[in-house]
1. So which of L216, L177, L184 is hydrophobic (A, V, I, L, M, F, W, C), under 29 Å from S64 (Cα atoms) and at pLDDT below 75?
2. Say whether the condition of being modelled with pLDDT under 90 and surrounded by fewer than 14 Cβ atoms within 10 Å (Cβ to Cβ) is met by at least one residue in region 55-77.
3. Enumerate the strands (runs of 3 or more DSSP E) found wholly within region 97-161, keeping only those where 1 or more residues are at pLDDT below 90 and either surrounded by 15 or more Cβ atoms within 10 Å (Cβ to Cβ) or on the phi < 0 side of the Ramachandran plot (or both).
4. Could you tell me how many of the residues in region 196-213 are farther than 16 Å from Q228 by Cα, assigned to a loop (DSSP other than H, G, I, E, B) and out of contact with any Phe, Trp or Tyr (no Cβ under 6 Å at 6 or more places or on another chain)?
5. Taking the condition of being on the phi < 0 side of the Ramachandran plot and modelled with pLDDT of 65 or more, how many residues in region 239-261 meet it?
6. Across region 73-89, what is the number of residues that are among the hydroxyl-bearing types (S, T, Y) and in a loop (DSSP other than H, G, I, E, B)?
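The values are calculated or read from the model by the stated rules, or taken from the named source; none is laboratory data. Here the structure is a predicted model, which is why all the values come from computation and not from measurement. Ideal geometry is used to build each Cβ from the backbone, glycine not excepted, and the neighbour counts take in all protein chains shown.
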Amino acid sequence: MFFDILHPKIFFLFLFFYFQFLNFVNGILAGEEIDWNRNGFVVKVLAREGPNAPTKSCTGSLISASLVLTSGDCVVDRSTKESLNEFVVFVSKPSDKELRSTGKLLERNEQNGWALLRIAPQNITELCPPSPAPKWVARLNFRPLLTSGPRLEVSQADLSSGEGAVSEDFLNENRLLRIYLDKLEKPPKDDGLNQYRSDVYSGFTACYDDTGAPLLCKLSKYQDPALQLGIFQSLTVPGGKTAKDDEPNDKSNKTIDELNKCKLATQMRFNLFNADESLAKAIEKYALTEFVSVYHECGF
């Protein structure tokens, strides 16, 4: 292994992000609006099976020059359980610009709830501007150790992005919202998904399109930026179901009724990967060289 995993002892601030692209989206409710340009690692992920298939909208984070981390649920069809094969990722850029890149699914970890996509590699200098400017990549709780072994070779094929297409009728609005979580509870012993829970309070909750959004934590013993330690997965709604159990695949069926279901949610559910060796191994496999380069350039 080329990574040490930092084990935080105390969570005392969780940040949760969402931004809107669709004419009508089922996204974060009652959040605090913040500047996307100061949190440019947050990305929008659109996925579908083919040209005439419905488009699924999720959220994710840029964790290296070309790797996007999102929920494993974002990359599969919920009814057929088959992997989706067309992905488009929207990345914020400096000076209020944005990049649209096709994406390629590299790996999905069903047990731990995450998926990795590859997009066109971004300029590392742009991702890591001089301090105090915010960085444009999310910082995981991994520390690359260059002294533990040689760098792995990365072939041109490893750097290629996938192919895909998507309609352009959703690019109407860019908003980034934040929710502070009051408390994060460990998964119940009978929870096979190993999902942490946070109670919804004062109507502050996520919704369907927030799946894959980064869960961040600021720790006093580490400097900024905050560490991304997990991702949002789903909601607990009355009756014991999760919000995604009732989510329709047809985009035309997204109505106020779906948002009302999210308003009834009692808990938000997250997968944490602060001790996930499988994610570290996946980063090693697909993008170790650029991951180390970004962390060195950004001073992580």
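1. Numbers: L216 fails: at pLDDT below 75; L184 fails: at pLDDT below 75.
Being hydrophobic (A, V, I, L, M, F, W, C), under 29 Å from S64 (Cα atoms) and at pLDDT below 75 holds for just one of L216, L177, L184, which is L177.
2. No; the residues of region 55-77 include none that is modelled with pLDDT under 90 and surrounded by fewer than 14 Cβ atoms within 10 Å (Cβ to Cβ).
3. Details: elements: 97-109, 114-118, 142-144.
Fully inside region 97-161 and qualifying: 97-109, 142-144.
4. Here is the first cut: in region 196-213, the residues farther than 16 Å from Q228 by Cα are 197-209.
Still in the list and also assigned to a loop (DSSP other than H, G, I, E, B): 200, 202-203, 206-207.
Remaining after also requiring out of contact with any Phe, Trp or Tyr (no Cβ under 6 Å at 6 or more places or on another chain): 200, 202-203, 207.
Of the residues in that region, 4 qualify.
5. Of all residues in region 239-261, those on the phi < 0 side of the Ramachandran plot come to 241-261.
With the extra rule that they be modelled with pLDDT of 65 or more, the set shrinks to 259-261.
Number of matching residues: 3.
6. Going through region 73-89, the residues among the hydroxyl-bearing types (S, T, Y) turn out to be 79-80, 83.
Next cut, in a loop (DSSP other than H, G, I, E, B) only: 79-80.
Residues in region 73-89 being among the hydroxyl-bearing types (S, T, Y) and in a loop (DSSP other than H, G, I, E, B): 2 in total.
Table: residues versus (1) at pLDDT 85 or above; (2) closer than 25 Å to D210 by Cβ; (3) under 18 Å from the mean Cα position of the chain (by Cα).
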position: K263; (1), (2), (3): no, yes, no
position: R269; (1), (2), (3): yes, yes, yes
position: I283; (1), (2), (3): yes, yes, yes
position: E290; (1), (2), (3): yes, no, no
position: C298; (1), (2), (3): yes, no, no
